[in-house]
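**Q** Got a structure here, written out as structure tokens. Questions coming.
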Amino acid sequence: MPAIDLRSDTVTRPTPAMREAMARAEVGDDVYREDPTVNALEEQVAALCGKEAALFVPSGTLSNQIALILHTRRGDEVIIGEGAHCAWYESGAGAALAGVQFAVAGRGGLFSAAEMKAACKPEAYYYPRTSLVVLENTHNRSGGRCWPPALVDEVTRAARAAGLALHLDGARLWNASEAQNRTPAELCTPFDTVSVCFSKGLGAPVGSALLGPLPLIREALRLRKMLGGGMRQVGMLAAAAIYALNHHRTRLGEDHRNARAFAEIVAQAPGVVLDPLGVETNIVNVQVPTLDAQQVVLEALKSGVLLNATSPHTLRAVFHLDVSAEQAREAATRLASAIAQLEGGA
Ligand SMILES: *Cc1c(COP(=O)(O)O)cnc(C)c1O
């Protein structure tokens with residue numbers, strides 16, 4: 001039984017055509033800004049997202065951290081949604097590198113203008129200064145949820161009115177764009193800076209970009225070097241990202257359909273709490289309130305299905321380029337049996 005890897009959409013391998021594009025890439029020293037392929041990628045992704053400039057960086061963590069440093073001073077507070085990547089999965093970099101602390105608005109990752117305001121500190125010298133709001137679209141920990149455009153509008157207007165800067169963690173902006181039938185530029189418009197990833201559902205091996213106005217991106221270039229993210233003949237990686245933008249962006253709907261089909265099957269398993277209609281993009285959170293999620297992971301592994309436990313009673317399955325419709329259904333059937341097995345033994 002070949003393994004089906006649903007741990008993350010980062011596990012994809014470059015396709016033969018992507019590798020060819022990488023092999024053909026023209027390169028130069030990108031610290032001197034002389035890599036033509038990196039420059040082409042930056043121009044292309046900035047135009048696609050309707051921003052003035054872009055900077056290619058090794059990871060989404062680095063682009064988020066550069067954004068935090070750009071928009072804040074040490075000791076500032078940053079408003080985030082519950083479970084935000086920049087607070088959960090970046091090794092504490094917000095505190096260690098940017099010197100900020102986080103305040104969580106609302107529940108479940110998305111929040112309203114009122115919840116944002118409630119999370120902001122009043123103005124007094126003894127409070128931290130609230131300077132930045134970060135939205136995550138799609139929202140990873142809540143199961144790939146998209147921000148409804150009306151909610152983005154409400155929150156970003158309120159943030160502007162309060163004089164706060166706005167950063168979008170758009171690691172999966174491409175999925176939101178596909179699911180909501182909105183262009184990336186439409187989704188990026190309200191934000192000062194946006195971070196996008198090429199290494200998630202798009203299937204490139206490495207890389208993210210930070211997007212924004214030219215003066216900020218010039219400053220970001222200095223910060224990228226300072227943080228050790230300056231790279232040299234990296235056109236090969238930029239070529240993979242260009243290939244991914246051109247060939248893998250328009251197929252993301254397949255991943256969304258596979259996620260939904262998977263959810264419909266798993267939802268039938270005993271004890272599972274899962275609403276397939278709540279699956280908006282390529283991530284499925286499976287709640288197993290009566291089981292230990294880690295035990296389910298081990299049981300599923302025996303049948304060749306790889307998943308992550310993201311909380312004591314939550315499993316996460318992520319769909320991507322390297323999972324076919326057939327494999328999605330097969331994985332669901334195997335996971336449902338693993339759950340039934342454990343439920344029976346409980
Ligand atoms: C994956 C991800 C990132 C970036 O992660 P890296 O592994 O550092 O590239 C940022 N934000 C979200 C929401 C993500 O899912």
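Rule-based calculations on the coordinates, nothing more; no lab input. Predicted, not measured: the structure shown is a model, and the values here were computed from it. Note that each Cβ is placed from the backbone with ideal geometry, even for glycine, and that neighbours are counted across all protein chains shown.
**Q** Take the alpha carbon atoms of segment 109-181, find their center, do the same for segment 13-62, and report the distance between the two centers in whole angstrom.
**A** Each part reduced to its Cα centre gives a spacing of 27 Å.
**Q** Counting other Cβ atoms within 10 Å, keep those with at most 14, restrict to DSSP loop, and tell me which trypsin sites (Lys or Arg not before Pro) in segment 211-268 are left.
**A** 232, 251
**Q** Sort 208, 142 by Cβ crowding within 10 Å, fewest neighbours at the top.
**A** The order, fewest Cβ neighbours first, is 142, 208.
**Q** Pull out the extension gain between residue 127 and residue 52, defined as 0.36 nm times the separation in residues minus the alpha carbon to alpha carbon distance; nm, one decimal. Before the final figure, lay out the partial values.
**A** Values: separation 75, 0.36 × 75 = 27.00 nm, distance 3.45 nm.
Full extension of this stretch gives 23.6 nm more.
**Q** Could you work out the Kirkwood radius for the chain, taking every pair of different alpha carbons, averaging 1/r and inverting it, reported in Å? Write out the running numbers ahead of the final one.
**A** Values: mean 1/r = 0.0482 Å⁻¹.
After inverting the pairwise mean of 1/r, the radius is 20.8 Å.
**Q** Relative contact order for segment 81-186: what percent, with Cα pairs under 8 Å and sequence separation of 6 or more?
**A** Values: 133 pairs, mean separation 26.9, N = 106.
Relative contact order comes out at 25 percent.
**Q** Next question. Would you calculate the separation in nanometres between label points at residue 225 and residue 153, each defined as 7 Å from the Cα along the Cα-to-beta-carbon direction?
**A** So the two model labels end up 4.3 nm from each other.
**Q** Using a 10 Å cut-off around each Cβ, can you sort 51, 302 from fewest to most neighbouring Cβ atoms?
**A** Arranged by neighbour count, lowest to highest, 51, 302 become 302, 51.
**Q** Additional query: By how many nm would the segment from residue 89 to residue 246 lengthen if fully extended, with 0.36 nm per residue of separation less the alpha-carbon distance?
**A** Working: separation 157, 0.36 × 157 = 56.52 nm, distance 2.84 nm.
Fully extending the segment from residue 89 to residue 246 adds 53.7 nm.
**Q** Turning to a different aspect of this structure: Express in nm, to one decimal, how much length is gained between residue 322 and residue 23 on full extension, taking 0.36 nm for each residue of separation and deducting their alpha carbon distance.
**A** Using 0.36 nm per residue and subtracting the Cα-Cα distance, I get 105.5 nm.
**Q** Rounded to the nearest 500 deg cm²/dmol, what is the calculated helix-only ellipticity per residue at 222 nm for the chain, with -39500 (n - 2.57) per DSSP H run of length n ≥ 4?
**A** Roughly -12500 deg cm²/dmol at 222 nm, from the helical runs in the chain.
**Q** Under the rule that an exposed site lies in a DSSP loop and has at most 13 other Cβ atoms within 10 Å, name the longest stretch of the chain with no chymotrypsin sites (Phe, Trp or Tyr not before Pro) of that kind, not counting the sites themselves.
**A** The longest such stretch corresponds to 127-346.
**Q** Are there DSSP H segments in the chain that both extend 24 Å or more along their axis (alpha-carbon positions) and score a mean Kyte-Doolittle hydropathy of at least -1.0? List them, or say none.
**A** Passing helices, by number: 325-345.
**Q** Looking at segment 74-136, which trypsin sites (Lys or Arg not before Pro) are in a loop (DSSP not H, G, I, E or B) and have at most 11 other Cβ atoms within 10 Å?
**A** Loop-located and lightly packed - 74.
**Q** While we're here: What number comes out for the charge environment of residue 181, summing +1 per Lys or Arg and -1 per Asp or Glu over other residues with Cβ under 14 Å away?
**A** -1
**Q** Which part of segment 1-27 falls in the paramagnetic zone of residue 298, meaning amide N under 15 Å from the point 7 Å along Cα-to-beta-carbon?
**A** No residue passes the distance filter.
**Q** Would you mind computing, in nm to one decimal, how far apart the modelled labels at residue 232 and residue 10 are, each placed 7 Å from Cα along Cα→Cβ?
**A** 2.6
**Q** Which ordering of 199, 303 is given by a fewest-first count of other beta-carbon atoms within 10 Å?
**A** Fewest-to-most ranking of 199, 303: 303, 199.
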